[in-house]
Amino acid sequence: GSASSMASGAKSLGFKKEKSETSQHGKDILCYARQGDKKKLGLSLKAGRVDDVNYQAKNGCTPLHYAAVNGHLGCVKMLVEAKALHVPNKSGNSPLQWATKSKQHDIVQFLLSKFDDIDVLATNSFGKGCITDAFANGDVDCLTKLLSHHSVSEERLLGGENERKKLASLQEATHRFCFLPNKNKRNHNHKHDNKQKHPHQQQQQQQQMQEYENPHRKADGVGGSLNAVELFVDIREKAIVETDLNKIAGGAGDLAASDQTGLSIWGASVLLARWMMSGVFDGILKGARVKELGAGCGVSGISIARYLDCKEVVVSDVAEETISNLGHNVKINSKNFGDTKVSVECFDWGMVDTSKTNAQFDVVIGSDLVYDEDVVSCFVNAVKASLRKGGTFLYTTALHRAGRGALASCLVRGGSFKMISVSKAPDHLRANPLMLKTDEECDLILPDLRKTPFQLWHFERT
């Protein structure tokens, strides 16, 4: 069920690729399936060859992919009736996974009913599958449909410990992020050595910075710049192989120790990083001691350590495997931290004793960490234990996240925190941050970044 085996299977089917000799009907079928034009799709299916229904574009996508992701159920039914095959594209994403990502419930149900050999637990080349995508969307209905499928057997879900560890080690990917810092932000590698450079090198470096800071995205939607090689952040994520939804949801105490959500990169962490680097908090973050709670893969903390002049950044989490991966991400970016001290801390919100802690951080940050009202008090205590009076708490949250209202109330209750601002996340903070990845690829790796409505919270400790 892996992406590689599925992809090799697709190759063996001998589908026609996008070449000049390929039937024009195949291209038409793909086009009309994407547009949802049932009439023209029907005519093209009748006029074309039998295998045109499985025509593949350069990215390996078939007409079924595009009809599914765009919610064209009528076209999906026509394609299946015409013997369309359910196969992955070059990134290992199946039509079912694309339908799951875009919350096309009717199409998910239809595909599950029509393809007996469909594998709900199959993953793409980024180690993500339908289950993790449905969870990222907060789509309970879709998750229920998927987990009810016959391919999700108890034996496959549980498996042996060694098999699970082997699966986890195979399902990982390192992504290169290119955030756009302000022009006054440092480039650590060249902060002090410009005078030693040859004039040609200085001119080349300035050109790289100008191209990197150009806010205009390329027409093909590829994030980052080829010349921005000095300004990237590398973040490794690992596939979530836990199948107990209670553990996937995270929490505190024993539940937090087995939580695996921190192994994946979530859109809220990217949003938080971009927000902090927007220039709004320059005066607060410069020279500040910053602690990130529930850092997961460390996107936010590692990024501000890379781009901003913080004095210290501590990235914290609690699950053993998450801490290990977090340490790895700090290590692979460490040469670019300059004078900023960066460390990893194992920090369990459920074990905090606020009466015995000495809050010392100027800024505490977090991204979409509360999924249940039961952990609100633990989380707020963790913020209090870390943040000094007068300090800043920055947080991003999905708009419809359970526990969001309870968290806001708990923060301001008793006068411990003052709300400075709560706002909707603007679109420019949600743009594709991945270097040399198209917007389509970004949506596959970060399915919630551009589709989930988020809020930006700014509080002050009183």
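Given the options Ala319, Ala385, name the one that is closer than 29 Å to Glu172 by Cα and small (Gly, Ala, Ser).
From the options Ala319, Ala385, the qualifying one is Ala319.
Does any residue of region 66-79 turn out to be polar (S, T, N, Q), over 22 Å from Ser148 (Cβ atoms) and out of contact with any Pro (no Cβ under 8 Å at 6 or more places or on another chain)?
Yes.
Tyr371 fails exactly one of the following numbered conditions: (1) touching a residue at least 24 places away in the same chain (Cβ under 8 Å); (2) part of a helix (DSSP H, G or I); (3) out of contact with any Leu (no Cβ under 6 Å at 6 or more places or on another chain). What is the number of that condition?
Here Tyr371 meets the rest and fails (2).
Could you grab the pairs with beta carbons closer than 9 Å, sequence gap of 6+ or different chains, first residue in region 84-110 and over 23 Å from Asp52 (Cβ atoms) and of a type outside the set (S, T, N, Q), second one modelled with pLDDT of 95 or more and open to solvent by 30 Å² or more (accessible area, probe 1.4 Å)?
Correct list of pairs: Asp106/Leu73.
One residue is enough: does region 430-444 have a residue meeting the conditions among the hydrophobic types (A, V, I, L, M, F, W, C), more than 17 Å from the chain's Cα centre (by Cα) and at pLDDT 90 or above?
No: zero hits.
Scanning for something more than 28 Å from the chain's Cα centre (by Cα) and open to solvent by less than 10 Å² (accessible area, probe 1.4 Å), does region 390-399 turn up at least one residue?
Checked region 390-399: at least one residue is more than 28 Å from the chain's Cα centre (by Cα) and open to solvent by less than 10 Å² (accessible area, probe 1.4 Å).
Would you mind stating whether Lys114 is among the basic types (Lys, Arg), open to solvent by 10 Å² or more (accessible area, probe 1.4 Å), farther than 25 Å from Ser148 by Cβ and out of contact with any Ser or Thr (no Cβ under 6 Å at 6 or more places or on another chain)?
When the stated conditions are applied, Lys114 does not pass them.
Does region 413-426 include one or more residues that are open to solvent by 50 Å² or more (accessible area, probe 1.4 Å), part of a loop (DSSP other than H, G, I, E, B) and on the phi > 0 side of the Ramachandran plot?
No, region 413-426 contains no residue that is open to solvent by 50 Å² or more (accessible area, probe 1.4 Å), part of a loop (DSSP other than H, G, I, E, B) and on the phi > 0 side of the Ramachandran plot.
If you scan region 65-95, which residues turn out to be in contact with a Leu (Cβ under 8 Å, 6 or more places away or on another chain) and more than 21 Å from Asp439 (Cβ to Cβ)?
The answer is Cys75, Val76, Met78, Leu79, Val80, Ala82, Ala84, Leu85, His86, Val87.
Restricting attention to region 139-147, does a residue exist that is over 23 Å from the mean Cα position of the chain (by Cα), open to solvent by less than 40 Å² (accessible area, probe 1.4 Å) and under 29 Å from Ala398 (Cα atoms)?
The answer is no, given that none of the residues of region 139-147 is over 23 Å from the mean Cα position of the chain (by Cα), open to solvent by less than 40 Å² (accessible area, probe 1.4 Å) and under 29 Å from Ala398 (Cα atoms).
Could you tell me which numbered condition Asn329 fails, if it satisfies all but one of (1) under 25 Å from the mean Cα position of the chain (by Cα); (2) of a type outside the set (A, V, I, L, M); (3) more than 25 Å from Trp457 (Cβ to Cβ)?
With (1) under 25 Å from the mean Cα position of the chain (by Cα); (2) of a type outside the set (A, V, I, L, M); (3) more than 25 Å from Trp457 (Cβ to Cβ) applied to Asn329, the lone miss is (3).
Looking at this structure, is Ile365 part of a strand (DSSP E or B) and in contact with an Asp or Glu (Cβ under 9 Å, 6 or more places away or on another chain)?
yes
What single numbered condition from (1) touching a residue at least 24 places away in the same chain (Cβ under 8 Å); (2) more than 20 Å from Thr322 (Cα to Cα) fails to hold for Asn358?
(1)
Please determine, by comparing only the residues of region 427-441 that are in a helix (DSSP H, G or I) and not charged (D, E, K, R), which one is surrounded by the most Cβ atoms within 10 Å (Cβ to Cβ).
Leu429
If you scan region 314-341, which residues turn out to be of a type outside the set (D, E, K, R), over 21 Å from Ser264 (Cα atoms) and either open to solvent by 30 Å² or more (accessible area, probe 1.4 Å) or at pLDDT below 95 (or both)?
Result: Asn336, Phe337, Gly338.
Those residues that are closer than 24 Å to Gly279 by Cα and of a type in the set (Lys, Arg), I need them from region 405-460; list them, please.
Those that are closer than 24 Å to Gly279 by Cα and of a type in the set (Lys, Arg): Lys418, Lys424, Arg430, Arg450.
Out of all the residues in region 22-52, which are in contact (Cβ under 8 Å) with a residue 24 or more places away in the chain, aliphatic (A, V, I, L, M) and more than 15 Å from Tyr66 (Cα to Cα)?
Residues satisfying the conditions are Leu45, Val50.
Name the residue that is farthest from His150 (Cα to Cα), counting only residues in region 121-130 that are hydrophobic (A, V, I, L, M, F, W, C) and surrounded by 23 or more Cβ atoms within 10 Å (Cβ to Cβ).
The extreme case among them is Phe126.
The values are calculated or read from the model by the stated rules, or taken from the named source; none is laboratory data. These numbers were taken from a predicted model, which means no experiment stands behind them. Cβ sites come from the backbone with ideal geometry, for glycine too, and all protein chains shown count toward neighbours. Accessible surface areas use protein heavy atoms only, side chains included; no ligands, DNA or RNA. Shrake-Rupley method; radii C 1.70, N 1.55, O 1.52, S 1.80 Å.
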